[in-house]
Structures are given as C-alpha cells and as structure tokens.
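As structure tokens, the structure follows; a few thoughts come after it.
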Amino acid sequence: MRKIQMVDLKGQYEQIKEQVDKSVLDVIQSTAFINGPEVHSFQKELEEYLDVKHVIPCANGTDALQIAMMGLGLQPGDEVITADFTFAATVEVIALLQLTPVLVDVEVDSFNIDPEAIRKAITPKTKAIVPVHLFGQCANMDEIMSIAKEHDLYVIEDNAQGIGSSYQFANGKTQKTGAIGHVASTSFFPSKNLGCYGDGGAIFTNDDDLAHTIRGIVNHGMYKRYHHDVVGVNSRLDSIQATILRAKLPNLDSYNNARRAAARKYNDAFAGIKNIITPKVKGNNCGSDENTICDTCNCHVFHQYTLRVIDIDRDALVKHLNDNGIPCGVYYPIPLHNQKAYKDDRYNEADFTITNQLVKEVISLPMHTELDDEQIDFITKTVIDFVNQ
C-alpha cells in the first residue's frame, strides 16, 4: 500500500507534471513575474468557471477576505457576524480592520453558520454577515441572503474551502459558491481543492463599482501608476502561481468528483457503526437521505472529510491513527470565542452549545484526489477497530 497522506499533492502533480513544468518554465523565460499575462488569463478563466463578473487575484486567502471588507467601506465599530466554528483567519481580518466580530453558533449537521443564530445576533450596528462554506459544503444561502436583504446587510462569502461547490436555491436557481453574496474571498493554499504551489487568493464580485475599488486596493491603491486614489495594500498573485492554477482549473470538477467518490466510500464503510456520525449533505437537490452523497449535484466538495465520534476518546483515536501511519486532523480544537485573541465579555457559553460540542467530537480523515480503495479500506478498518474495542 502506498503511504497515506493527509493531502497528496505530489500524486496530483504527477498527473499534470508535463503541463505544469512547461508553463512554469515559460513564465521564467518571459520574466513577466508580477501581473503578467498568465495572471490575467487565469482571472478570465475563473470568471467563466464561476459565472461571476469579476475575479480579482491577490496574494492569499486572508488578504482576500480583508480586502473584500475594505472594499465595502466598513468602518471601525461596525459589527460583522460570522461562525464561531472555523479557522481564525475569518475573524482575524475583522479585528485587524477594527471592526467588531460577532461570533455565533453553527448547525450540528452541516457545521455551517446557523441562520437563526444570525437573526438573534443582529443589532443596529450590524453591517455584514460572513458565511463560511466549511469543509466544502455551502452554507444555507437561501436564509442568509433573505436575512441580509431584510436588514440591509452585506454578505461576504468565505469560500476558501468551498471552491467548485454549488448551491441550489429553493426556487431552483443554481449558483457557484463565491458568486452568491455581494463579495467573496477564496484561498489557493496548496492543500485547497484548487491550490497553487505557494500562497494565493482571489476576491469575487458581480458589482462593477466594488470590483473597481478592490482592484485599486490590491495594488497600493493605484489605478494609474504613482497615483494613489484609495488606501491600499500590496497583495498580488504572481505569474508562476497563476500558471499552475491555470493547469489545475480545468481539472477542478474531476478533482471534486474524486473527493466525493472517496467520501461516499468512507460513508459506506462507516454506515451503521455505533458512535460514528458521518458528514451530512444538505443541498436542496440532494433528496431526503442526508447520508447519501449524490452524483447529481456538487453542493459539497469535501475539502475535508470530517466525522463526529460520540462517547469516544477522540484524542486517543487521533493517536491510534497516527500510530498506524494514518494522518488525521482536528479542525478545530478550540472555539474562536475561547481563543485568547478573541475572548469577549459579550459572549455567553450558552450561545455556543453546538460549537462547544463539535470541538470535542470532530476528526478529519485523509481527503484528496489520489486516495485509492486500499488506503480507504485500511483507514476505515483502523477507525472501526478502535471504536469497537
């Protein structure tokens, strides 16, 4: 059996090696390293894939989220509602801009932000909602967009884990994540479903004026060289990363299909196993059986395959897997509201019952495009043996 990787970037690279090697060498020979033709071509191709009017590449996913908020003109003290159960970058940029983060609980079955918790958290100071499409599944955008419209709020999608996924609204309309809210951000960190070989990110929007503002922000506030019209930052996707992303983008749907196939095999192996709760798929066109990962939609792209283990020593399971050569992850072990940097007297533990539960139960198994049946069989058997001991 091949060595099991949490993310097998080398195996994925081998499938596109010839194209990647040639395109990287072409960039080096061109010396067009910053804002070169490859960046502009990737931008156009991603706009077409997402069916969004504007893609603005930048240096990383955290910058993308910060720049999206800068572009909206949010002011210090404005409140921004987001999920308590996510990576710190989501709340980090809110704090960096001296906005007020408002953390709320998530849904137990999807791990995504709870629309009812959003409603309860809205105050006259609320200006934006940041839904995170966690682990690759789209948040409930029907409810979130309805809430935003009702209260005149911006929706900023954190699409770092969800690129390639789609959301089917109750009215039957389907949109790619990142093209639904007023603005969105994504990361091209190497382990993402669409990842480069370094850092990279992008902002998406259908708003022409907002896109113009953001294009200035990413480049020191310049639209004309040495004319600084807005306060900006230096955040640009380099041409080498762009050309790698161009090689990968045509394969994104097949990459996501491979992830779904692996998730389906995991779910089948764990079906009926006491104390294991497999990921639930909650898309509007997924049918009534949430345990079924259907072939007809892409509402979940499985950036992570995350189990909940009930009445099990989760940390002992982590050790057991590692001792057997199986990498795994706990995303995330500490709620944001309990992180030293983001503690606040405004928060009440009773408002975070689901997040406080999940941080004790979740464990993510290897998930990538190169997983084979032998590896999945070994991983699932090792988990089941521990659970049944």
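Dipole size of region 15-133 about its Cα centre, with +1 on Lys/Arg Cβ and -1 on Asp/Glu Cβ: approximately 380 debye, rounded to the nearest 20. Note on region 313-382: Cα-Cα pairs beyond 17 Å make up 54% of the total pair count.
Our helix-only sum for the chain, with -39,500 (n - 2.57) per DSSP H run of n ≥ 4 divided by its residues, gives a mean residue ellipticity at 222 nm of -12000 deg cm²/dmol. With q set to 0.16, 0.18, 0.22, 0.24 Å⁻¹, the log10 of I(q)/I(0) for region 1-83, from the Debye formula over equal scatterers at the Cα positions, is -0.94, -1.04, -1.18, -1.22. Toward the positive end of the charge dipole of the chain, with +1 on the Cβ of Lys and Arg and -1 on the Cβ of Asp and Glu, the farthest Cα among Gly201, Ala341, Ser23 is that of Ser23.
Reducing region 194-221 and region 1-59 to their Cα centroids gives an inter-centroid distance of 16 Å. Separation of region 330-389 and region 245-261 by C-alpha centroid, Å? When both Cα centres are located, 25 Å separates them. For the chain, a Gaussian network of Cα nodes joined below 10 Å ranks Glu79, Glu150, Glu370 by mean-square fluctuation, and the top entry is Glu150. Applying the Kirkwood pairwise sum to the alpha-carbon positions of region 52-98 produces a hydrodynamic radius of 11.7 angstrom. Globularity index of region 159-235 is 1.31 (Cα radius of gyration / 2.2 N^0.38 Å, N = number of residues).
Think of a 1.4 Å ball rolled over the protein heavy atoms: the chain then has 43 Å² of accessible area per residue.
Of the solvent-accessible surface of the chain, computed with a 1.4 Å probe and all protein chains present, 49% belongs to carbon and sulfur. For the chain, a simple Cβ point-charge model (Lys and Arg +1, Asp and Glu -1, everything else neutral) yields a dipole of about 500 debye relative to the Cα centre.
The values are calculated or read from the model by the stated rules, or taken from the named source; none is laboratory data. Just so you know, these numbers come straight off a predicted model, no measurement behind them. Note: ideal-geometry Cβ built from the backbone for every residue, glycine included; neighbour counts use all protein chains shown. Areas reflect the complete protein model, heavy atoms only, side chains present, ligands, DNA and RNA absent. Shrake-Rupley method; radii C 1.70, N 1.55, O 1.52, S 1.80 Å.
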